[in-house]
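A short reminder: the numbers here are calculations on the coordinates, not readings from a lab. Every value quoted in this text rests on a predicted model; they were computed, and no experiment measured them. No Cβ is skipped: glycine too gets one built from the backbone with ideal geometry, and neighbour counts run over all protein chains shown.
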Amino acid sequence: MNKQEYLKQIIDEGNYIIKQAQARGQYTISISTGHRAVVIDKFSYEKWMTKTNDFLNKYNINNCKVQINSQMSSSDIMISKLAKITALYESLALDDNCLSNLHLLPQDIKDLYRDKHYSQAVFDAFKYIEVQVRTKSGLSDLLGVDLMRQAFTLIDTDNFSCLARYSTIR
């Protein structure tokens, strides 16, 4: 199971725990705030929070912490944590959707990006594209900017089409 699937499983389990507690109809009202909160059994709460925190620690995710004050019930804490990890899950799904549009790049570069090694992913992507352009254009003696300028400034002046033979890098 990959990171995204495991996170989805944790989210589904959290939603199930909250729905089960709501179905029992057991609520508590805070004396200080008057806020009504669903009562979640301690075992389910602690098990879910442990699983969630273990996941976040395993993948070194630090932006899902919940600020806790003395008036917060366990259900409030759990709902806050659930909201944060749901947002995290949606951002992972967004990353996957964006990455699927980058069919040109090999999987190892996409994996670097997905694992938040952005600098290395960009560097490797540029290297990969440079090698592909050099190979397809036949300009084996050029590098970097000089290669790109030469490869993409060759224009067929008869029909103004730009580098038809270089347009497919794959």
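At 0.36 nm per residue, and after removing the present C-alpha to C-alpha distance, how many nm does the segment from GLN71 to VAL145 gain when stretched out fully? Spell out each step's value before the answer.
Values: separation 74, 0.36 × 74 = 26.64 nm, distance 5.99 nm.
That pair, GLN71 and VAL145, stretches by 20.6 nm at full extension.
Arranged by the count of other C-beta atoms within 10 angstrom, fewest first, what order do ASP111, ASP124 take? The partial results should precede the final answer.
Numbers: ASP111 12, ASP124 17.
Least to most surrounded, the residues fall as ASP111, ASP124.
Using a basic spin-label model with each label point 7 Å from the Cα along Cα→Cβ, how many nm lie between ASP111 and ARG36?
Distance between label points: 5.1 nm.
So what does log10 I(q)/I(0) come out to for the stretch 3-100 at q = 0.19, 0.25 Å⁻¹, using the Debye formula with one equal point on every Cα and no solvent?
-0.93, -1.37
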